[in-house]
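Everything on this sheet refers to the single structure shown next.
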Amino acid sequence: MDPGSRKTFDRSFTAVGYFSIALMAAALVVLLMPIFAKGSGAFVFRGTVENRRLMLEKFGRGDRAAIEAEKAAAAAARAPVYEAIARFEAALDTADAEDRRGYRSDFREVRELVAELLGPAPGRQTPVLIRDQYGQTRWDRASVVLHRILYVEDYDYSDATKMGVKVATPRVERFRGTALEPLFGVLERDARAMLRPRTTFYWRFLFDQSFDAHIFGGIWPELLGTFYLAVGAMLFAVPLGIVAAIYLAEYAGESAFVSMLRTCISSLAGVPSIVFGLFGLAFFINTLRVSPSKSVLAGSLTLALLILPTVIRASEEAIKSVPVAYKEAAMSLGASRWRSIVTVILPAALPGVLTSVIISMGRAAGETAPIIFTAAVSVGKPLAIWQTLSQPTPALPWNIYNLATEHEAVDEIRHVQYGMVLTLVVLVLLLNLAAIVLRARVSKKLRG
């Protein structure tokens, strides 16, 4: 090939490489930006006086005198709402049966929505569920509930050629001329005075326990459970993986058995993770009985099997990449094969080995399927280290799935779901960044 054509091809491949990198970066931005934007809502939001009440009563945080003053001001703003409800209830008691039937269901809905927005009315019995003891703690959710009070959403099917069109009708029209009519104007005008929203930075979202199935509180049990599972998996997988890599790279040689062994390891790396989960349930829990039922120990062993092929192959390649001269020099000085591996080859291969270990740890932290059957539960308290041998734990991957698909108040806790996703993504990104930095530092140290 003449020099001109070679230069053209080199430039073309360079351009394609840059374009691929730009395309991947754009895809990452498109994927990660919504996660960061919506996930940040778990940490920074406009909290209401109900949120500050909750923090004071459940976590003991905040200035009690200031919060009591806010509660008094909010109660004064809410008084006209409760007075309108009380007057309408009294009028309804004296109305004829037909009027009572006509208003009963609509009024019950209004009263329930007001309780959802502002909390239980003064003088009423304290509800059992924590979610019913407080009004809306976040202004964004309060705005949604307020809209539901002020408007009734329905569908207009008048045009037979089109699908139904959603229309919002003012709810006040259903109560025009009654004692409840003023309530809607007061809510629309004074909602901010009743809830007193202000910007809140809730960094303890990472370290607080949840209340009432994640309606309130943070994700500390899930974060700690993820840490236990990932670290436990590495404790089992890393020693076995490195020893297996040393055997394959330095002792096994070339034979049909070794070729079959490498093929099996490569095949295990491609097995769906749900299969590992079912195997962990059948082998570690039902056969070996490492724990009475689900436990962090069983989940860690299952995750260790999942990442073991990756650790073996990456470590083997790192060991093989060490120049043969290193081993020959060590053995020429009288070192045994094992001593030369431990003192010369492994330190030289350390950057690659550490990279594989940390990347495998990131994968273990983000896996869902293997822990469904072996370790994860939807709700639980933070575990002490000794409890990991026999008890299950919440974990970020499983709880993200669970909250998004099975929670009864899925729309009310979107910020928790996205906050968990953001935390998990940042955790995995930090592990990968740690692998890059650690590899660079070790390589620089080895070069002297």
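Bear in mind that the values in this text are calculations on the coordinates, not laboratory data. What you are looking at is a predicted structure, and each value in this text was computed from that prediction instead of being measured. Cβ: placed from backbone, ideal geometry, glycine included. Neighbour counts: every protein chain shown.
The table that follows gives values for the structure above.
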| item | result |
| --- | --- |
| Segment Ala25-Ala269, extension gain: residue separation times 0.36 nm, minus the distance between their alpha carbons | 85.2 nm |
| Spatial separation of Cα centroids for region 1-59 and region 64-133, in angstrom | 46 |
| Helix-derived mean residue ellipticity, 222 nm - over the chain, DSSP H n ≥ 4, -39500 (n - 2.57), to 500 | -21500 deg cm²/dmol |
| q = 0.19, 0.31, 0.33 Å⁻¹: log10 I(q)/I(0) that the Debye formula gives for region 3-42, counting C-alpha atoms only | -0.62, -0.90, -0.94 |
| Net charge dipole size for the chain [Lys, Arg +1 and Asp, Glu -1 on Cβ; Debye, nearest 20] | 1780 |
| D (Stokes-Einstein, µm²/s), Kirkwood Cα radius, region 336-448, 1.002 mPa s at 20 °C | 127 |
| Rg/Rg_ref, region 1-157, where Rg_ref = 2.2 N^0.38 Å and atoms are Cα | 1.89 |
| Alpha carbon centroid spacing (whole Å) that separates region 222-300 from region 323-370 | 19 |
| 19 Å tail of the calculated P(r), region 67-216, as % of Cα pairs | 61 |
| Rg/Rg_ref, the chain, where Rg_ref = 2.2 N^0.38 Å and atoms are Cα | 1.37 |
| Two-decimal Rg/Rh across region 220-447, once Rg and the Kirkwood Rh are taken from alpha-carbon atoms | 1.05 |
| Per-residue Cβ neighbour rank within 10 angstrom, fewest leading, Ile413, Ile274 | Ile274, Ile413 |
| Under Karplus coefficients 6.51, -1.76 and 1.60, residue-wise ³J(HN,Hα) of region 375-381 in Hz, glycine/proline x | 9, 8, 10, 6, 9, x, 8 |
